[in-house]
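Participant: This is the structure I have questions about; it appears just below.
Each value in this text was obtained by applying a stated rule to the coordinates, not by laboratory testing. This is a predicted model, so every value here is computed, not measured. Note: ideal-geometry Cβ built from the backbone for every residue, glycine included; neighbour counts use all protein chains shown.
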Amino acid sequence: MSDPRKISRELPRLALYTVLWIMTVAGTLGGVVFGALGGSPGKHQVQNLLIAAACAIAPIAASAINQLRATKVRRAHLNDQKRAIVAFRSSLNTAHHYLGRLASATSDVTKIQLGGHFIQAVLSAASLLPSAPDTRSLFFRVTDAKMECDGFSAKDARSEASTTIFADDPSDPGGRNMFKMMREGQSLIYPDLTKDAPEGMRPNRSYRTFIAVAVTAGDLRFGALLVDSPEADSFSELDMAIMKTLGNLLGAGLALIPKKA
């Protein structure tokens, strides 16, 4: 996820660009005027001034237009980041809300209902990591000796769930790695699957990078929380830290939900 403090640092930078542009325009026009006036007096002096001014103004105008366009794009990007951060915080607040209700609920039926909302809120927050495009988050729940997708959330054009089943079996190296990660409470990150992929992973996936974190609560092992993206090197160290936090949050909520959920 991008650091929110970067947004505030962009504004002084834009102001500095504006000041430098004004100084450039003033200096160029000053040189044009005084340089042209230095020629012979009369008609030729006026012609020189007009020609020099026209030649100087053209690149200045082009540069100004380009800077305005770049500023507009930069502001649009900052606005997109702001909206993504707000959406992420909203999903995270929703997850905390349902976690609080889960902790105070007494009926199993109520806990199961609240649990579904809670899980989806956590998945929504994971899929909204602003630094990664087209992200998709998935929760793989442990059932016996397998992990299957039990929920997902996606943004932009990606809306497909995963059909992958991880097995804790020697014939499934990828599954063995996932179960090992879960048991040890660790995490995995693969920046570019075309260069470095887990053993046994099939090619031609819809994503090129992913993070996986264990979903646990004390001695309880629930599965794994994943987030992936079709663009390589999409995730930062901050994204990894956030995913670990979301994995712990998900584990805390799942510990409050009856097993039959």
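Participant: Quote the convex hull volume per residue of segment 127-254, based on C-alpha atoms, as a whole number of Å³. Provide the component values of the computation, followed by the final result.
Facilitator: Details: hull volume 12.8 nm³, N = 128.
In segment 127-254, the Cα convex hull volume per residue is 100 Å³.
Participant: Ok, one more. How many angstrom lie between the C-alpha centres of segment 99-117 and segment 213-261?
Facilitator: That distance is 19 Å.
Participant: Okay, moving on. Hey, for a label at Ser90 modelled as a point 7 Å past Cα toward Cβ, could you say which residues of segment 215-241 have their backbone N under 20 Å away?
Facilitator: Of the residues in segment 215-241, none has backbone N under 20 Å from the label point off Ser90.
Participant: Sticking with this structure for a sec: Along the Cα→Cβ direction, 7 angstrom out, place labels at Ile189 and Ser206. What is the inter-label distance in nm?
Facilitator: 2.4 nm
Participant: Specify which residue in the list Val215, Gly174, Ile257 is farthest towards the positive end of the charge dipole of segment 165-261, using unit charges on the beta carbon of Lys, Arg (+1) and Asp, Glu (-1), about the Cα centre.
Facilitator: Ile257
Participant: Sticking with this structure for a sec: Too long at a 21 Å Cα-Cα cut-off: which of Lys180/Lys244; Lys146/Lys180; Lys146/Lys259; Lys82/Lys195; Lys155/Lys195?
Facilitator: Lys82/Lys195; Lys155/Lys195
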